[in-house]
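Student: Please find one structure pasted underneath; my questions will follow.
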Amino acid sequence: MTNNRSRRMEPVVQVAHERQQSAARRLGDRQRALDSHLHRLEELESFQQEYLRRFDADVGGGMSGIGIRDYRLFLSRINEAIEQQAQMIELARKEVEASRHQWMQTKIKSDAINKAVDRFRKEEYQVSERREQYENDERCQQLFLRKNNITS
């Protein structure tokens, strides 16, 4: 039977699978972006700590007021960059969670469709088996009747 429900569902299964794969790719992209933002924050914080160490060393060795002002101004800019990066990380985390939720929803739908198609295939197999058994029984009965008619 070429018009089986399971065969008719194949395009639906394929679309569900493609949507799930697409959602998984988006989730991966968002996770990589978050990782990149986290790495950038680590770099900024490391740079800030290094700059603070140099500032402490330079102040201990005697520094002009202008030099101190320039250090503080630069540290202020680094702190602003760290704050901006932290905000970007928060946004990236929200995007990862939204993408994870989307992926889970597509996976649930895809799994449900696959389960239904598996059930259809099982039902089709059972119908086919019953039909084959019926046909075999019919053939045996016909052979039996012919054989009895021939010998009678």
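The values are calculated or read from the model by the stated rules, or taken from the named source; none is laboratory data. In this text, all values refer to a predicted model and were calculated from it rather than measured experimentally. All Cβ positions, glycine included, derive from the backbone under ideal geometry; neighbour counts span all protein chains shown.
Student: Gly62 versus (1) in a helix (DSSP H, G or I); (2) exposed (fewer than 13 other Cβ atoms within 10 Å of the Cβ): which is the lone unmet condition?
Tutor: (1)
Student: If only one of Ala57, Ala116 is small (Gly, Ala, Ser) and under 30 Å from Arg25 (Cβ atoms), which one is it? Before the answer, list the steps.
Tutor: Numbers: Ala57 fails: under 30 Å from Arg25 (Cβ atoms).
None of the others qualify; the one that does is Ala116.
Student: Yes or no: the range 32-39 includes at least one residue that is farther than 24 Å from Val117 by Cβ, without any contact (Cβ under 8 Å) to a residue 12 or more places away in the chain and not in a helix (DSSP H, G or I). Don't jump to the end; show me each part of the working.
Tutor: Of the range 32-39, the ones farther than 24 Å from Val117 by Cβ are 32-39.
After this cut, where a residue has to be without any contact (Cβ under 8 Å) to a residue 12 or more places away in the chain as well, the list is 32, 35-36, 39.
Restricting the remaining residues to those that are not in a helix (DSSP H, G or I) gives none.
Within the range 32-39 (the criterion being farther than 24 Å from Val117 by Cβ, without any contact (Cβ under 8 Å) to a residue 12 or more places away in the chain and not in a helix (DSSP H, G or I)), the answer is no, since none of the residues qualifies.
Student: Now a separate question. Tell me whether the range 63-77 contains one or more residues that are within 30 Å of Gln21 (Cα to Cα) and modelled with pLDDT under 95.
Tutor: No: zero hits.
Student: So, one more: Return yes when Lys109 is assigned to a helix (DSSP H, G or I), out of contact with any Cys (no Cβ under 6 Å at 6 or more places or on another chain), modelled with pLDDT of 90 or more and surrounded by 13 or more Cβ atoms within 10 Å (Cβ to Cβ) and no when it is not. Working first, answer last.
Tutor: On the way: assigned to a helix (DSSP H, G or I): yes; out of contact with any Cys (no Cβ under 6 Å at 6 or more places or on another chain): yes; modelled with pLDDT of 90 or more: yes; surrounded by 13 or more Cβ atoms within 10 Å (Cβ to Cβ): yes.
Against the criterion (assigned to a helix (DSSP H, G or I), out of contact with any Cys (no Cβ under 6 Å at 6 or more places or on another chain), modelled with pLDDT of 90 or more and surrounded by 13 or more Cβ atoms within 10 Å (Cβ to Cβ)), Lys109 qualifies.
Student: Considering the range 15-70 alone, what residues qualify as being farther than 30 Å from Asp111 by Cα and of a type in the set (A, V, I, L, M, F, W, C)?
Tutor: Initially, the range 15-70 is screened for residues farther than 30 Å from Asp111 by Cα, giving 36-70.
Of everything in the range 15-70, those that are farther than 30 Å from Asp111 by Cα and of a type in the set (A, V, I, L, M, F, W, C) turn out to be Leu38, Leu41, Leu44, Phe47, Leu52, Phe55, Ala57, Val59, Met63, Ile66, Ile68.
Student: Separate question: Within the range 1-47, how many residues turn out to be within 13 Å of Ile89 (Cα to Cα) and in contact with a Lys or Arg (Cβ under 7 Å, 6 or more places away or on another chain)?
Tutor: 1
Student: Only one of Gln21, Gln14 is at pLDDT 95 or above and within 30 Å of Arg131 (Cβ to Cβ). Can you tell me which? Spell out the reasoning first.
Tutor: Details: Gln21 fails: within 30 Å of Arg131 (Cβ to Cβ).
It is Gln14.
Student: Tell me which residues, restricted to the range 3-28, are surrounded by fewer than 14 Cβ atoms within 10 Å (Cβ to Cβ) and not in a helix (DSSP H, G or I).
Tutor: Asn3
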